1. Can you confirm whether region 42-50 contains a residue that is open to solvent by 90 Å² or more (accessible area, probe 1.4 Å) and touching a residue at least 12 places away in the same chain (Cβ under 8 Å)?
2. Residues 68, 33: which one is outside any loop (DSSP other than H, G, I, E, B) and either open to solvent by 50 Å² or more (accessible area, probe 1.4 Å) or not small (Gly, Ala, Ser) (or both)?
3. Would you be able to tell me the number of residues in region 51-63 that are within 16 Å of residue 17 (Cα to Cα) and either open to solvent by less than 100 Å² (accessible area, probe 1.4 Å) or in contact with an Asp or Glu (Cβ under 6 Å, 6 or more places away or on another chain) (or both)?
4. Which members of region 76-119 meet the condition of being in contact with a Ser or Thr (Cβ under 6 Å, 6 or more places away or on another chain) and of a type in the set (Lys, Arg)?
5. When you look at residue 13, is it open to solvent by 50 Å² or more (accessible area, probe 1.4 Å) and either at negative phi or hydrophobic (A, V, I, L, M, F, W, C) (or both), yes or no?
6. State the number of residues belonging to region 16-30 that are open to solvent by less than 40 Å² (accessible area, probe 1.4 Å) and closer than 20 Å to residue 88 by Cα.
7. Checking residue 115 against (1) modelled with pLDDT under 90; (2) among the β-branched types (Val, Ile, Thr); (3) touching a Lys or Arg at 6+ places or on another chain (Cβ under 7 Å), which single condition isn't satisfied?
Amino acid sequence: YGYILPDPNVPDRHSIWFTGGTLEASDETDKSMWERTFGGYQPKRKLMESARMLAAKIMFGAMLPERMEEDGSLSYYLKRPIGGHGVVYNDVLYVDDTIRIMQGHHGTIYVMKRVETPD
């Protein structure tokens, strides 16, 4: 989850903020294996892992899942989003009515084609 806003200082740049996400099994995943891996019993965390989770809660206001939902998903939320102007962004390199080409802040190129909708 997240949101995008135009960067006020750089033309053709969209800044991105991440506010959370959901982990869920794909259609091909063995549901029982997914539940054994991510659901049920939570092992005791080592000191370093507990420290990382505490840091995420303090720095980002992370709300981590306590248990798996009925549909097998695990969702987390960030009260203080990660990202922002100059931190996480996509630069629009080219855009027209059918295609958009963007470059991410790590250099990844994204090419998106508009899907035609039936009238």
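1. No, every residue in region 42-50 fails to be open to solvent by 90 Å² or more (accessible area, probe 1.4 Å) and touching a residue at least 12 places away in the same chain (Cβ under 8 Å).
2. Working: 68 fails: outside any loop (DSSP other than H, G, I, E, B).
Selected residue: 33, the only one of 68, 33 that is outside any loop (DSSP other than H, G, I, E, B) and either open to solvent by 50 Å² or more (accessible area, probe 1.4 Å) or not small (Gly, Ala, Ser) (or both).
3. Residues flagged as within 16 Å of residue 17 (Cα to Cα) and either open to solvent by less than 100 Å² (accessible area, probe 1.4 Å) or in contact with an Asp or Glu (Cβ under 6 Å, 6 or more places away or on another chain) (or both) within region 51-63 amount to 4.
4. Correct list: 114 only.
5. Numbers: open to solvent by 50 Å² or more (accessible area, probe 1.4 Å): no; either at negative phi or hydrophobic (A, V, I, L, M, F, W, C) (or both): yes.
Spelling it out, it is not the case that residue 13 is open to solvent by 50 Å² or more (accessible area, probe 1.4 Å) and either at negative phi or hydrophobic (A, V, I, L, M, F, W, C) (or both).
6. Going through region 16-30, the residues open to solvent by less than 40 Å² (accessible area, probe 1.4 Å) turn out to be 16-17, 19-21, 25.
Still in the running and closer than 20 Å to residue 88 by Cα: 16-17, 19-21.
Residues that pass the stated criteria total 5.
7. (3)
The values are calculated or read from the model by the stated rules, or taken from the named source; none is laboratory data. All of these numbers come straight from a predicted model, not from anything done at the bench. Positions of Cβ are generated from backbone atoms using ideal geometry, with glycine treated the same way; all protein chains shown enter the neighbour counts. These accessible areas exclude ligands, DNA and RNA; they are computed on the full protein's heavy atoms, side chains included. Shrake-Rupley method; radii C 1.70, N 1.55, O 1.52, S 1.80 Å.
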